[in-house]
Structures are given as C-alpha cells and as structure tokens.
Amino acid sequence: MGTLNWDDLRIFLELARTGSLSAAARALRISHATVGRRVAALEEGLGRSLVDRRADGYSLTADGEAVFALADGMDERALAILRQVSSQAGLTGTVRLTTTQALADRFLMPRLGPFRVRHPGIDLEVTVDNRSLSLARREADVAIRLARPQRGDLIARRLATMGYGLVAAAGAPDTVIGYDEALADLPEAVWLARHMAGRRVAFRSNSLQTQLAAAKAGFGVALLPSWLTAGEPDLVPVPCDAPPLEREVWLVLHPDLRDVPRVRAVIEHLVALFTAEFATDTAPER
C-alpha cells in the first residue's frame, strides 16, 4: 500500500488540468519547482508514474488518468469545507480579489482607502490577471470581469456599463492605437477593426494603461473607457459616427461565499464604488 499526501494530490490535480508547471504554479501561488517536486513525491509515494514529461508540457499516463478520475473534485470539496468554516470568522481574514490591471490600478486602488479604515481586520489580496481565474478552486474569492460569467453555479451581479470613446492628443496623426493579435477577439479590438478599417495601426498593446500613455505621446487615436480618460488634459475626444462601444462590468463569486461577512463587506464596498462612479442601477444577484 502506497502513501498519499493531500497537498501533493492537490498539486497533481492542478498540473493535470493545466498541463504545465508554470500554469499550475500560478494558479496555486507556489513556484514551478515546488509543483514538480510535489508531483514527484506523489509518484514516489504511490509507486506509479502519473505524468509524462515532454518538451511542450505534461500529459497523464494511464495511472495518472486513473488517479485523476478518482480525485477530480476532491480539492473543490475540501475548499467548500474551508469556505463553510470561514463563514463564521467575522470581519477578519483575507479576501482574494481578481480584476484587470487598469481597473485595479486606476479605479479600485484610489478608492479603497475608506474600506481599510472601516474594516481594519480584513486583508485584501488583489490579483491582476486578464484570465478568468477559478473561483471554485479558490484562485480568487471575488472577481470583477468584463463579461457575464458562463458558469451557472456562480453568483453574478452587474456592477456597471462602461462607455468607451475615441481620444487622441492634439495634433496626433490619423493612425490607430490597437491591441496585439492575441486579443483580436476582444470587443474593443473587433470594434476598431470594423469602424477604423483602413487606418494604419501605429501602436499595439494588450494594456489599457499603455494604450493611454501611447495616446498621450501622440501615436494616434485610441479607444478607451471614458472613466480612464476623464481628467486627462492632454487628450481630446475624436468624433466618430459609429455606435459607441459599451462593456458590462460584472462582480462574480462562489455561492458558498455569499454570506461570509468579510466577503460580504468587500462586495458591498465594490457595489457602492461602481454605483457612485457610473450612476447606474446594478442588476440583482443570480
């Protein structure tokens, strides 16, 4: 009979899902060396090879497939236990929030001071990531996303509808500041391709803040959220006959966290921030 360490099994599950050491390490917030070491320890304990190590990533062996089939979901059930226990912790502890770089740096951080004063026992951990981190696997407790979630078992609340506009520095050329090819399916990139077709793309970036800086530097016309460009004296609106772009902002959380006091406090503060900024009614939770 082999031995089984739960932490090793949990790390193996993440590696099996992601297929790479670096992706598993990011999700678990540990080093990729630790992922490799713990999976090797699990294999040694069970006396079985669970993964094939290849140049392009990792794949499961037949034994690995069997272990994954039996263990899949165990980590989510274990986290459900932790969420149930943490609901009794009151207004203390850590809340993990994930959102985009621009929303984190330019919108949330300047407005989180009053929350810290009101709830000194709550620690915030903000992860800046454009990926949809897994709430079920507790990669985050609360997510702010620019799309309605597809999973029906998550609680979602529309926070706001963001309007976008074209802006440029005075005297800037008639060129476009756009997104890199990896983000060609992004609604902003699709809008630019449709309504700014034929214009040379003089600058590309996957970062809104970098695009903002490029617009201020005179690279051309940028399509940016109105809240981001408000108060920027170096930029002027660029007229356009096309229908304006709008994107919804959604707050998403796992149902088990709905009544956890510290999570509830963060949610209430976020709802108040977006309501005050965008002056729009938020949709009810579902």
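Some notes on this structure:
Yes/no per residue for (1) part of a strand (DSSP E or B); (2) in contact with a Gly (Cβ under 8 Å, 6 or more places away or on another chain); (3) closer than 16 Å to Val167 by Cβ:
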| site | (1), (2), (3) |
| --- | --- |
| Asn206 | no, no, no |
| Ala215 | no, no, yes |
| Gly218 | no, yes, yes |
| Leu223 | yes, yes, yes |
| Gly231 | no, no, yes |
| Pro239 | no, no, yes |
| Leu251 | yes, no, no |
| Asp256 | no, no, no |
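- Leu133 meets each of the listed conditions (1) at pLDDT 85 or above; (2) open to solvent by less than 40 Å² (accessible area, probe 1.4 Å); (3) in contact with a strand residue (DSSP E or B) (Cβ under 6 Å, 6 or more places away or on another chain) apart from (1).
- Within region 168-204, the set of residues being of a type in the set (A, V, I, L, M), under 24 Å from the mean Cα position of the chain (by Cα), farther than 19 Å from Arg145 by Cβ and part of a loop (DSSP other than H, G, I, E, B) comprises just one member, Ala184.
- Residue in region 86-102 that is modelled with the lowest pLDDT, counting only those that are outside any strand (DSSP E or B) and of a type in the set (A, V, I, L, M, F, W, C): Ala89
- Filter result for Glu248 (surrounded by 13 or more Cβ atoms within 10 Å (Cβ to Cβ) and of a type in the set (Asp, Glu)): yes
- Here Ala213 fulfils each of the conditions (1) touching a Pro at 6+ places or on another chain (Cβ under 7 Å); (2) modelled with pLDDT of 95 or more apart from (1).
- Taking the criterion of being in contact with a strand residue (DSSP E or B) (Cβ under 9 Å, 6 or more places away or on another chain), touching a residue at least 24 places away in the same chain (Cβ under 8 Å) and in a strand (DSSP E or B), the residues of region 1-58 that qualify are Val51, Tyr58.
- Among the residues of this structure, Asp63 does not count as one that is of a type in the set (D, E, K, R) and at pLDDT below 85.
- For region 220-243, the set of residues classified as touching a helix residue (DSSP H, G or I) at 6+ places or on another chain (Cβ under 9 Å) and open to solvent by 80 Å² or more (accessible area, probe 1.4 Å) consists of Asp234, Pro237, Asp241, Pro243, listed by residue number.
- Any hit, region 169-182, residues being closer than 21 Å to Phe274 by Cβ, in contact with a strand residue (DSSP E or B) (Cβ under 6 Å, 6 or more places away or on another chain) and open to solvent by 30 Å² or more (accessible area, probe 1.4 Å): no
- Residue under evaluation Gly198, criteria (1) touching a residue at least 24 places away in the same chain (Cβ under 8 Å); (2) surrounded by fewer than 20 Cβ atoms within 10 Å (Cβ to Cβ); (3) on the phi > 0 side of the Ramachandran plot, criterion not met: (1)
The values are calculated or read from the model by the stated rules, or taken from the named source; none is laboratory data. The structure presented is a predicted model; accordingly, all values stated were derived computationally and were not measured. In this analysis, Cβ positions are derived from the backbone assuming ideal geometry, glycine residues included, and neighbour counts consider all displayed protein chains. SASA here: full protein model, heavy atoms, side chains in, ligands and nucleic acids out. Shrake-Rupley method; radii C 1.70, N 1.55, O 1.52, S 1.80 Å.
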